[in-house]
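Scroll down for the structure; my scribbles are underneath it.
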Ligand code: SAM
Ligand code: SF4
């Protein structure tokens, strides 16, 4: 699937795109025509400032067209930092000596309750790879515990590549998206970064989504850890991986995550010559938005407030908020951080992030309706591609924001947030949907919960 020679050939060919070539590609993107591999890399290499601004602008328009001004909110939950792998970039690698921790079911329940108190409804469950300490049965029990004891309604799962049998167990318990980052598509960098590890088998890792689909999982989320290898190679590889899955299973990635390498214990950023600049990072996010308009793009709190706010305007559709990357990190009172996986850059609270989004005219969405209505995999993509998803998503986002405001906000957000919700509800064009939405918002204000289309 990932042919290094082919990709390097395209990278070489696209090295110095001419002004008129970029103009032609931008014209294609504006007309919402599919971009080919050469087009995509040429856009990554565009250097004329006006044309670069045009890339941002089109990415913003596509974002607006498909996702409206919604931003889906979630939080990661780390339940164990035991790990048999030795990923050189990760604070949890086995060579780092510290007291490892794994939460028991009572602690997991408490974490879910604490996350719920912040207003979260959607989690990304994060676990190191440790077949003895945290076998699949432990992960499955953790998921069931969270669903049974909190109002968390969607659990996306980020665990190491595994077998069809184990993916079946995740599918049966009802996970949202199965997330796995390839880390790097460059075979040599992959092997250097994962020495003597279960995770070190490039092909097994690369074909994890094939096994997940075979097991019945319908939504998968990909990602690259940007900074390990040439970022242009990684972007084109992501696109090719997605095409491969679309051809084989009729559906590709549900989301793409774009984590950038951060400082962690036991590693120095200075050892990574491929760290990318903010400008290149923004370019890759906007070009991904142009290349695969229907795939959600996830940005974590590894990025600063400024970059997150800018990229929400130009392509990002999901962000994490109030995140902790240490095990059991969500406490009622502020406590010292235990051993975290890597450093964070946006440490604002969920409430502050929600307010910031509302102030900038975005609808923070705590919606999980598609998953619960069975709108997953190709059914979700069909709705997204014919434009009808917006009819459902915007009202759902407004209802979940109302619920958030009523249950978790302060007086300040209560006043301006509800005003914002009513103003948006008024702009809904479909009169039947609008009527039902207004009725539902009133019901939520009066105390009803969990209403969705
Ligand atoms: N252990 C599983 C795995 O490796 O697939 C589960 C997820 S791991 C807890 C989540 C992700 O964190 C990894 O896939 C990696 O991309 C990312 N990560 C690790 N170290 C990082 C660092 N120093 N900076 C930024 N992201 C990092
Ligand atoms: Fe373990 Fe995942 Fe960290 Fe690698 S990235 S050391 S597999 S927790």
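Quick note: the coordinates plus some simple rules give every number you see, no bench work behind them. Computed from a predicted model, the values in this text were never measured in an experiment. Every residue, glycine among them, receives a Cβ derived from its backbone with ideal geometry; neighbour counts consider all protein chains shown.
A few remarks follow.
- Virtual spin-label span in nm between residue 438 and residue 51, 7 Å along Cα→Cβ: 4.9 nm
- Dividing the alpha-carbon radius of gyration of region 132-251 by the rule-of-thumb value 2.2 N^0.38 Å gives 1.12.
- Overall form of region 70-370 per C-alpha gyration tensor (a/c, 1.5; a/b vs b/c): rounded
- Panel order for 376, 187, by other beta carbons found within 10 Å of each beta carbon, from fewest to most: 187, 376.
- The simple spin-label model puts a point 7 Å past each Cα toward its Cβ; for residue 407 and residue 36 those points are separated by 5.1 nm.
- Equivalent-ellipsoid semi-axes for region 4-64 (Cα gyration tensor, √(5λ), whole Å, largest first): 20, 13, 10.
- The spacing between region 224-262 and region 404-447, judged by their C-alpha centroids, is 37 Å.
- Relative exposure of 97, 282, 434, judged by other C-beta atoms within 10 Å (fewest first): 97, 434, 282
- Helical content of the chain, expressed as a calculated mean residue ellipticity at 222 nm, amounts to -15000 deg cm²/dmol (DSSP H runs of 4 or more residues, -39,500 (n - 2.57) each, divided by residue number, nearest 500).
- Taking each residue as 0.36 nm, the span from residue 97 to residue 1 lengthens on full extension beyond its C-alpha to C-alpha distance by 30.8 nm.
- Residues residue 348 and residue 429, FRET efficiency given R0 of 25 Å [Cβ-Cβ distance, rounded to 0.05]: 0.15
- Exposure proxy order (Cβ contacts within 10 Å, fewest to most) of 422, 231: 422, 231
- Three-way shape call for region 177-335 based on the alpha-carbon gyration tensor, with the a/c threshold at 1.5: rounded
- Label separation (residue 332 vs residue 151): 1.8 nm, computed from points 7 Å beyond Cα along the C-beta direction.
- Prolate/oblate/rounded label for region 1-118 (Cα gyration tensor, a/c 1.5): oblate
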